[in-house]
Amino acid sequence: MDQPARIGVLSGFEIIRTALATLLHDHVVIELDAPPWPADLNLVVFDRHACATHRDALTAAHALVRLVLLDDPRPGEPPTLAHTFATGGVISSRAPNGEIRAAILRAAREDVSFVADNHSVFDPAFRLSGQEEQVLRLVAVGLSNAEIAADMLIGINTVKVYIRQAYRKIGVVRRSQAVAWVYAQQRHIGKVEPEVSN
């Protein structure tokens with residue numbers, strides 16, 4: 001990135017805001033609160049606390065800017081509402097400072113957009129169900145709806161319902177956007193591709 005990145009930080013904890021400002025001292029770091037937020041942000045870094053206190057702002061920002069969750073991973077914990085907002089991925093708050101900085105700057109300069117177009121309504125109120133998550137992963141490995149139905153031992157119309165519900169929840173309208181979203185989640189939270197049963 002030739003120019004300094006413009007990175008918003010949304011956290012109720014001063015220590016996090018100060019640490020990120022220090023870590024990204026050669027970039028423009030803007031402390032965020034209630035909207036409106038600057039329109040020219042490359043990225044917003046937020047934490048779980050911000051998700052609880054600024055849910056409406058994150059919902060509105062979801063379609064406008066990439067959102068990255070700075071989180072303390074808990075082994076075996078299912079994805080939370082905060083993870084649903086994280087269109088730019090999740091960065092471990094336990095990682096070394098250099099890794100946190102590199103991950104934030106990588107997310108700020110990514111050309112791939114996971115933002116839904118204006119015809120989609122992002123609904124973070126509910127997490128993906130296990131079936132919706134499995135369908136999305138099978139979509140990402142290239143299976144057709146009929147192949148997904150056969151793999152999951154369900155009807156093709158049920159597959160279509162799961163796909164429609166999952167697309168609404170992650171804020172996409174096309175299969176290619178869903179594939180990009182799945183791979184972004186896998187890359188940032190370390191999930192592996194599903195195995196397709198034979």
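The values are calculated or read from the model by the stated rules, or taken from the named source; none is laboratory data. Remember, predicted model here, so these are calculated numbers, not experimental data. Cβ sites come from the backbone with ideal geometry, for glycine too, and all protein chains shown count toward neighbours.
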- Task: Mind listing just one residue for me: the one in the stretch 22-37 that is assigned to a strand (DSSP E or B) and not charged (D, E, K, R) and, of those, farthest from Gly98 (Cα to Cα)?
- Result: Ile30
- Looking at (1) crowded, with 16+ Cβ neighbours inside 10 Å; (2) at pLDDT below 85; (3) of a type outside the set (Asp, Glu); (4) in a helix (DSSP H, G or I), which is the one condition that is false for Leu128? (4)
- So, of the residues in the stretch 155-170 that are more than 17 Å from Val141 (Cα to Cα) and in contact with a helix residue (DSSP H, G or I) (Cβ under 8 Å, 6 or more places away or on another chain), which turns out to be surrounded by the fewest Cβ atoms within 10 Å (Cβ to Cβ)? Gly155
- Message: Residue under question is Ile154, and the condition is that it be at pLDDT 85 or above, in a loop (DSSP other than H, G, I, E, B) and not assigned by TED's automatic domain parsing to the domain that holds Leu41; does it hold?
- Response: yes
- Hey, Pro75 outside any helix (DSSP H, G or I), modelled with pLDDT of 80 or more and either aromatic (Phe, Trp, Tyr) or exposed (fewer than 14 other Cβ atoms within 10 Å of the Cβ) (or both) or not: no
- If you take the residues of the stretch 134-146 that are free of Cβ contacts under 8 Å to residues at least 40 places away in the same chain and surrounded by fewer than 20 Cβ atoms within 10 Å (Cβ to Cβ), which of them is nearest to the chain's Cα centre (by Cα)? Gly142
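Results for (1) touching a helix residue (DSSP H, G or I) at 6+ places or on another chain (Cβ under 8 Å); (2) farther than 26 Å from Ala178 by Cβ; (3) without any contact (Cβ under 8 Å) to a residue 60 or more places away in the chain, shown as yes or no for each residue.
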position: Ser11; (1), (2), (3): yes, yes, yes
position: Ala34; (1), (2), (3): yes, yes, yes
position: Ala86; (1), (2), (3): yes, no, no
position: Arg94; (1), (2), (3): no, yes, yes
- Query: Which number in (1) in contact (Cβ under 8 Å) with a residue 60 or more places away in the chain; (2) in contact with a helix residue (DSSP H, G or I) (Cβ under 6 Å, 6 or more places away or on another chain); (3) more than 24 Å from Ile170 (Cβ to Cβ) marks the one condition that His27 misses?
  - Reply: (2)
- Can you name the number of the only condition in (1) farther than 26 Å from Arg55 by Cβ; (2) in contact with a Lys or Arg (Cβ under 8 Å, 6 or more places away or on another chain); (3) modelled with pLDDT under 85 that Asp111 fails? (2)
